[in-house]
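To keep things clear, I will list the structure first and then write my remarks on it.
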Amino acid sequence: MSGLVTRDIASWHRRVCPVTDWLLISGDLPPSPHEAVVKLGEWMNAGVTDIVDVRGEWSDEKFVNEQAPQLRYHYLGTHDDGTTQEDAWYLDGLAALKSARSHSGAVVMVHCHMGVNRGPSMAFAFLLDQGWAPIDALNAIRAARPIAGVIYAHDAIRAVGRMQGKDEVTLAHEHQSVEKWFDENQIDIATIIRRIRSAT
């Protein structure tokens, strides 16, 4: 992680981070209703048509429906305990992605609370589903959002790979290449989370 990002971690919390022309990552909307309206406007100005919210601890669905009913809201809440994410969570996410992309010009904002692990991991699954190689997907996510830990990437490989009918040898190779990528591209996730928490 660059020195600039290290010194300015908290500012990345709710920054809109385009990974592709149809996929964005961020943290959640601010708790202040006024600030949330402003941030939601920023998302819409970035072209967002669909929100995929993966926080198990909260949902802004009612707020978004009231403030911007034209947005499609997909709630896929899950934990962030650092263990594993179930295949079903990813498959529900891919169903939301397919629903979104069935509409012309869809732009998906996928987010969790801090935009560090759950949201980026679901975004990773979205890219795998669209035919991206795992390393290319990780590079794109980290380039767009340097604080992205993507700690559930292995679970995404498993879930999407099974859905796509990949054999165990292929999946093992993908897991190994991703493990090597993480070894070579380490970031201090604990410090990132601590600095965001201290700023909010």
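Observations on the model:
- Rg/Rh ratio calculated on Cα atoms of the chain (Kirkwood radius): 0.95
- Estimated [θ] at 222 nm from DSSP helical runs (n ≥ 4, -39500 (n - 2.57)) normalised by residues in the chain, nearest 500: -15500 deg cm²/dmol
- Only the Cβ atoms of Lys and Arg (+1) and of Asp and Glu (-1) were treated as charged; on that basis the dipole of the chain about its Cα centre amounts to roughly 460 debye.
- Region 165-174 - phi-based ³J(HN,Hα) in whole Hz, Karplus 6.51/-1.76/1.60, Gly and Pro as x: x, 6, 7, 5, 5, 4, 5, 4, 5, 5
- Within a straight-line Cα-Cα reach of under 23 Å, Lys39 can be paired with the following lysines, leaving aside sequence neighbours fewer than 8 residues apart in one chain: Lys62.
- Taking only alpha carbon atoms, region 20-84 gives an Rg to Rh ratio of 0.97, where Rh is the Kirkwood radius.
- Converting phi to 3J(HN,Hα) with the Karplus coefficients 6.51, -1.76 and 1.60 and the offset θ = phi - 60°, region 15-28 yields 6, 7, 10, x, 8, 9, 6, 10, 10, 10, 10, 7, x, 7 Hz in sequence order, with x at every glycine or proline.
- Rounded to whole numbers, the Karplus 3J(HN,Hα) couplings from phi for region 45-50 are 5, 7, x, 4, 10, 9 Hz, using 6.51 cos²θ - 1.76 cosθ + 1.60 with θ = phi - 60°, and x at Gly and Pro.
- Peptides 104-110, 42-48 ranked from most to least packed by the mean count of surrounding Cβ atoms within 10 Å: 104-110, 42-48.
- Reachable aspartates and glutamates, given that their alpha-carbon falls under 19 Å from the alpha-carbon of Lys180 and they are not under 8 places away in the same chain: Asp136, Asp155, Glu168, Asp188
- Gyration tensor verdict on region 91-136 (Cα atoms; rounded if a/c is under 1.5, prolate if a/b is larger than b/c, oblate otherwise): oblate
- nm² value of the averaged projected area, convex hull over the Cα atoms of region 96-200: 7.3 nm²
- Database remark: amide H of Val19 closer than 5 angstrom to the amide H of Leu24, Ile25 (H placed geometrically; neighbours at sequence offset of 5 or more, or on other chains; Pro and chain starts carry no H).
Every number here is computed from the coordinates shown, using simple stated rules; none is lab data. The shown structure was predicted, so the numbers you read here are calculated from the model rather than taken from an experiment. Cβ atoms come from the backbone with ideal geometry, glycine included; neighbour counts cover every protein chain shown.
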